[in-house]
Amino acid sequence: MDYDVEDKMEWTVIFIMEFGRRHDLNMKQTLSVVLNSDTCKKVMDEHARLYYQSPGYVFSSLESELNTGKMR
């Protein structure tokens, strides 16, 4: 596996865990929020290419989406 991909995967897991902790969610709730977000849909959208961004940027977008109800 490419080092950059491994690094991004590791940071993504760290951000997911931290996100859940900050919002006082268990892992099942955290994954539900993340996977059902517009931000996640954009990460999975090949045309949006959000998957090229850093995990920090993506989770900043997720935080913004949850706080404002809109993806930035």
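The values are calculated or read from the model by the stated rules, or taken from the named source; none is laboratory data. Please read these numbers as outputs of a predicted model, since none were measured by experiment. Here Cβ is always computed from backbone atoms with ideal geometry, including for glycine, and neighbour counts include all displayed protein chains. Remember, those area values only see protein heavy atoms, side chains included, never the ligands or the DNA or RNA. Shrake-Rupley method; radii C 1.70, N 1.55, O 1.52, S 1.80 Å.
Worth a mention:
- Rg/Rg_ref, the chain, where Rg_ref = 2.2 N^0.38 Å and atoms are Cα: 1.07
- Across the range 14-20, rounded Karplus estimates of 3J(HN,Hα) from the backbone phi angles (6.51 cos²θ - 1.76 cosθ + 1.60, θ = phi - 60°) give 4, 5, 4, 5, 5, 4, x Hz, Gly and Pro being marked x.
- Sorting Asp24, Asp7, Asp38 by solvent-accessible area of protein heavy atoms yields Asp24, Asp38, Asp7, largest first, with a 1.4 Å probe.
- Loop-located GluC sites (Glu not before Pro) in the chain (DSSP state other than H, G, I, E, B) with a sparse environment of at most 11 neighbouring Cβ atoms within 10 Å: Glu46.
- Dipole magnitude of the chain about its Cα centre (Cβ charges: Lys, Arg +1; Asp, Glu -1), debye to nearest 20: 360 debye
- Taking only protein heavy atoms and a 1.4 Å probe, the accessible area of the chain is 56% carbon and sulfur.
- Only Cα pairs under 8 Å and 6+ residues apart enter the sum, and on that basis the relative contact order of the chain stands at 26 percent.
- Here's the list of aspartates and glutamates a cross-link from Lys28 could span, going by alpha-carbon distance under 19 Å and ignoring same-chain residues fewer than 8 apart: Glu10, Glu18, Asp38, Glu63.
- Listed by chain and number, the lysines whose alpha-carbon sits under 19 Å from that of Lys8, ignoring those within fewer than 8 places in the same chain, are Lys41, Lys42.
- Build a GNM of the chain with springs between Cα atoms under 10 Å apart, and of Val34, Val13, Val58 the one that fluctuates most is Val13.
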